[in-house]
Amino acid sequence: MLSCNTQGMNEGDFNADLEGHLDSLLGVMRKEIEAYRELADAIEGEKGVLAKPSLESLNESNTRKETCILKIRILEELRTRVLGRIAASLGLDERNLHLQNLLPHARPDLRQALRACQTELRSLLARINEENRRNRALLDASLSGVRTTRHFMENLIGSGSTYMGSGELNNGG
């Protein structure tokens, strides 16, 4: 006798599998929140490094940010794999898969937790962008000061000598 279960899975297995993937997605998103929070803190701390720079503090700051970014990349790859499994479970194209498409398939508590993670991630990204903007303004101001000083020094050096070879005052400069 033929069974309706041609794929070796019944609907309960499918739902459990999908719920497991959605739980995995939630776990990855929570780890991403931790990593982005760590990056945001590192970028915020960079403000002090930029105000009173030293080679050692700049290297420490850069290493801390690079470590955070590496963690984020690894978690992003993991999230992409989990989303691929979810898309396959739902028969959706993973390139056009958005959290909004997944939420109707999640149980209510999981749906709420996924939305909360999405909101927190957006908030952290906005914080990172703002801190980067502030740090860039500090760097731009510093660079402007360096350029002004360099221009002043070039004018002092490049203005030529005060006296001509004959000993007369050089008024040409």
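Could you work out what % of the accessible surface of the range 15-173 is carbon and sulfur, using a 1.4 angstrom probe and leaving DNA, RNA and ligands out of the count? Intermediate results must be reported in sequence, preceding the final value.
Working: 5630 of 10660 Å².
Carbon-and-sulfur percentage of accessible area, whole number: 53.
Here the Karplus relation 6.51 cos²θ - 1.76 cosθ + 1.60, evaluated at θ = phi - 60°, turns the backbone of the range 70-81 into coupling constants of 4, 4, 4, 5, 4, 5, 5, 5, 4, 4, 4, 5 Hz, with x for every Gly and Pro.
Among residues other than K47 with Cβ under 9 Å from its Cβ, the summed charge is -2 (Lys and Arg +1, Asp and Glu -1). Cross-link partners of K71 among lysines, defined as those whose alpha carbon lies under 17 angstrom from its own and excluding same-chain residues fewer than eight positions apart: K31. The residues packed around L83, meaning those with a beta-carbon under 12 Å from its beta-carbon, carry a net charge of 0 if Lys and Arg are +1 and Asp and Glu are -1.
The values are calculated or read from the model by the stated rules, or taken from the named source; none is laboratory data. These numbers were taken from a predicted model, which means no experiment stands behind them. Cβ: placed from backbone, ideal geometry, glycine included. Neighbour counts: every protein chain shown. Calculation scope for accessible area: heavy atoms of the full protein, side chains included, ligands and nucleic acids excluded. Shrake-Rupley method; radii C 1.70, N 1.55, O 1.52, S 1.80 Å.
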